[in-house]
Amino acid sequence: MKIVVCVKQVPDTASEKALRSEDSTLDRDAVDAVMNEMDEFAVEEALQLAERTDGEVTVLLMGPDQGTETIRKALSMGAHKGIHVVDDALHGSDAVATSAVLAAALASEEGAGGAYDLIILGSEASDARTSLVPAMLAERLGLPQLTFAQKVDTDGANVTVERLTDYGHDVVTSGLPAVVSVVEKINEPRYPSFKGIMAAKKKPVSTLDLGDLGLDAAEVGAAGAWSKVEDFAVRPPRTTGELVKDEGDGGKQLVSFLASRKLV
Amino acid sequence: MAEVLVLVDHVDGAVRKPTLELLTIARRIGEPVAVHLGAGADTAASTLGEYGATRVLAADAPEFGGYLVVPKVDALEQAVEAVGPVAVLVPSSAEGKEIAARLAVRLGSGLITDAVDLEAGDDGPVATQSAFAAAFTVKSRVTNGVPVITVKPNSAAPEAASAAGAVEPLEVSFGDAAKGTKVVSRTPRESTGRPELTEAAIVVSGGRGVNGAENFHVVESLADSLGAAVGASRAAVDAGWYPHTNQVGQTGKTVSPQLYIAAGISGAIQHRAGMQTSKTIVAINKDAEAPIFDLVDYGVVGDLFQVLPQLTEEVESRKG
Ligand SMILES: Cc1cc2nc3c(=O)[nH]c(=O)nc-3n(C[C@H](O)[C@H](O)[C@H](O)COP(=O)(O)OP(=O)(O)OC[C@H]3O[C@@H](n4cnc5c(N)ncnc54)[C@H](O)[C@@H]3O)c2cc1C
Ligand SMILES: Cc1cc2nc3c(=O)[nH]c(=O)nc-3n(C[C@H](O)[C@H](O)[C@H](O)COP(=O)(O)OP(=O)(O)OC[C@H]3O[C@@H](n4cnc5c(N)ncnc54)[C@H](O)[C@@H]3O)c2cc1C
């Protein structure tokens, strides 16, 4: 079984964020970059499925140069090869453009002309948190989508997924190829072993730019974005209101506060 | 006047509250036209009309329930063709966002997701989004195609504004992809009788300080006295004390209620990411140095097992 995992490099949530005043995009130089947490679960699931079916796992990442570190991490976990789409013109891409680039990379020669059985993504990137890319990618590829999976089963012809929904859970099924996105409940991602880290250094990573994908710079990045940030403001940090120590009447004091705000 | 399409979120014609919020917001940019997919359009129409829908485009077919997302995208796409709206508004639920995502790609439209506010602008609707755990407020606009915008629950108070709400059939033809993902079964979560976490006006959450599944009833009792939903920190969820569906935070749900009460939660950045836009925040924690106190409107330094039951009792007694 041939599997592609889409992984995104994101700023570490624990670090302070800044937006560039020039173009209102995230100042990615100012923060530590890590693999999107949810994507570790996607890589793990891909590896487990590949181990069961004697398959191959390709990691696909769109992002600046330092994204190589995230691809290497996936390779050191056990993925077989990487595709890195990097181009200055991609800076500021919206989800519509991101999905177009990922779809084009899958269709390219390095992407084996789209000959994949499964495309696995995280269900959400921790920086923008839009959860748009999996559904958009499925739409572009004309493939079934099985999103928010907490369990994935496949017999090589079909895939069945147990998925979390807003109101409970579903079991859904489709033929292959298909697009799957996973939630963190699905597995326990492995840590790269020393051997894995050494092996990763020799695994192939192809680097593609927009020209290689036959895409026009005007269609992607901030220039091609179909939504535009007009303005942004740093929200004033919340400040501590009143703090009281419970001397046996904390609950009563609290209810007086709630009443003063008309909340009870 | 220009028309705005609003996708209705409903259960067999019982309209969910976020749809009423959407209709209220839609009126700022045009005349709302509701799109009702599935059973119960006639039941829904009176509510939709009461909140300003001039027309209700209705379609029902087994595909809507039997297959994932794509049949609804087909229908909405055809509604866009029929109406020529100035914008399409969709509730920011997991399903709503996926419908919007695929629709935007099909229409060649830009998409703004998780808007918390929307206003009319010279070049089309301007949406407010809250970014990076609410550290930034961003105003954005769609520059290509018919704007597709998903709006978060609790972004506006629903306001009635009587309109015709006339039901009109919407003819839908399904494409090849419509039957791509078949639904084998749906298992609704066991009903707790409490409001939906992301839609609730009040949320009471418990963390590691609750110290065991058997103690969560102190959180639930307070929630019930306030008509609130129950949330939990990841620590409480990972310990198996409360279901994952109730997790609030970066890898859980984002909530933005009128009132958020955190009990026995330290206030880690990943937890804050899911609750920081709440209008009023209250915390009970026995550690005066807990970071959650940095963002509260009111905090009680004390033992939650003393404070919560007293609070519950006081709330009950005020109800008379
Ligand atoms: C605060 C903020 C708000 C935004 N709002 C919007 C908006 O309303 N509309 C819009 O169109 N764009 C928006 N964007 C831009 C959007 O976030 C980017 O286009 C981003 O590349 C894709 O969205 P995401 O990170 O939310 O991915 P998600 O859809 O949340 O990611 C899901 C999965 O997709 C895969 N994936 C995502 N990006 C990549 C990548 N670069 N390479 C490989 N795999 C990837 C990963 O598997 C990931 O787990 C916003 C950005 C920010 C910072
Ligand atoms: C990538 C990533 C994603 C994450 N996503 C999330 C997420 O979505 N949601 C989330 O919540 N966390 C998330 N976390 C975890 C987060 O970092 C914290 O570990 C977690 O929020 C801590 O939960 P807590 O506050 O309940 O526990 P703790 O930090 O242990 O705090 C417990 C608090 O309870 C207080 N306490 C104890 N007993 C009592 C008592 N009797 N009365 C009153 N107070 C008492 C203590 O003083 C303490 O402040 C994530 C972490 C990572 C790395």
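The values are calculated or read from the model by the stated rules, or taken from the named source; none is laboratory data. Because the structure is a prediction, the values reported are computed rather than measured. Neighbour counts run over all protein chains shown; Cβ positions are idealised from the backbone, glycine included.
What is the one condition in (1) free of Cβ contacts under 8 Å to residues at least 40 places away in the same chain; (2) farther than 22 Å from residue B:65 by Cα; (3) not polar (S, T, N, Q) that residue A:132 does not satisfy? Only one criterion in (1) free of Cβ contacts under 8 Å to residues at least 40 places away in the same chain; (2) farther than 22 Å from residue B:65 by Cα; (3) not polar (S, T, N, Q) is unmet by residue A:132, namely (2).
A residue that is away from ligand 2 (no atom under 16 Å from the Cβ), without any contact (Cβ under 8 Å) to a residue 40 or more places away in the chain and among the small types (Gly, Ala, Ser) cannot be found anywhere in the range B:69-84. If you go through the range B:110-138 and pick out every residue that is touching a Ser or Thr at 6+ places or on another chain (Cβ under 9 Å), outside any strand (DSSP E or B) and more than 16 Å from ligand 2 (Cβ to nearest atom), you end up with 3.
Here's the yes/no breakdown for (1) away from ligand 1 (no atom under 15 Å from the Cβ); (2) at the interface with chain B (Cβ under 10 Å from one of its Cβ atoms):
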{"residue": "A:143", "(1), (2)": "no, yes"}
{"residue": "A:147", "(1), (2)": "no, yes"}
{"residue": "A:154", "(1), (2)": "yes, no"}
{"residue": "A:159", "(1), (2)": "yes, yes"}
{"residue": "A:199", "(1), (2)": "yes, no"}
{"residue": "A:207", "(1), (2)": "no, no"}
{"residue": "A:219", "(1), (2)": "no, no"}
{"residue": "A:225", "(1), (2)": "no, yes"}
{"residue": "A:233", "(1), (2)": "no, yes"}
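Of the candidates B:320, B:267, the single residue that is surrounded by fewer than 17 Cβ atoms within 10 Å (Cβ to Cβ) and either more than 29 Å from the chain's Cα centre (by Cα) or farther than 20 Å from residue A:262 by Cα (or both) is B:320.
The set of residues in the range A:68-115 being of a type in the set (Ser, Thr, Tyr), away from ligand 1 (no atom under 14 Å from the Cβ) and not in a helix (DSSP H, G or I) consists of A:108 alone. Inspect the range B:84-95 for any residue being within 14 Å of residue B:168 (Cα to Cα) and either modelled with pLDDT of 95 or more or within 21 Å of the chain's Cα centre (by Cα) (or both) and give the result as yes or no. No, because not a single residue in the range B:84-95 is within 14 Å of residue B:168 (Cα to Cα) and either modelled with pLDDT of 95 or more or within 21 Å of the chain's Cα centre (by Cα) (or both).
So, residue A:184, is that one in contact (Cβ under 8 Å) with a residue 60 or more places away in the chain, surrounded by 13 or more Cβ atoms within 10 Å (Cβ to Cβ) and within 11 Å of chain B (Cβ to nearest Cβ) or not?
yes
The residues of the range B:191-222 that are within 14 Å of another protein chain (Cβ to nearest Cβ), within 16 Å of ligand 2 (Cβ to nearest atom) and within 19 Å of the chain's Cα centre (by Cα), listed by number, are B:197, B:198, B:203, B:204. Among the residues of the range B:40-78, those identified as in contact with a strand residue (DSSP E or B) (Cβ under 8 Å, 6 or more places away or on another chain), of a type in the set (Gly, Ala, Ser) and in a helix (DSSP H, G or I) are B:41, B:44, B:45, B:49, B:65, B:66, B:75. In the range B:225-262, the qualifying residues are those that are charged (D, E, K, R) and free of Cβ contacts under 8 Å to residues at least 40 places away in the same chain, and the one that is surrounded by the most Cβ atoms within 10 Å (Cβ to Cβ) is B:234.
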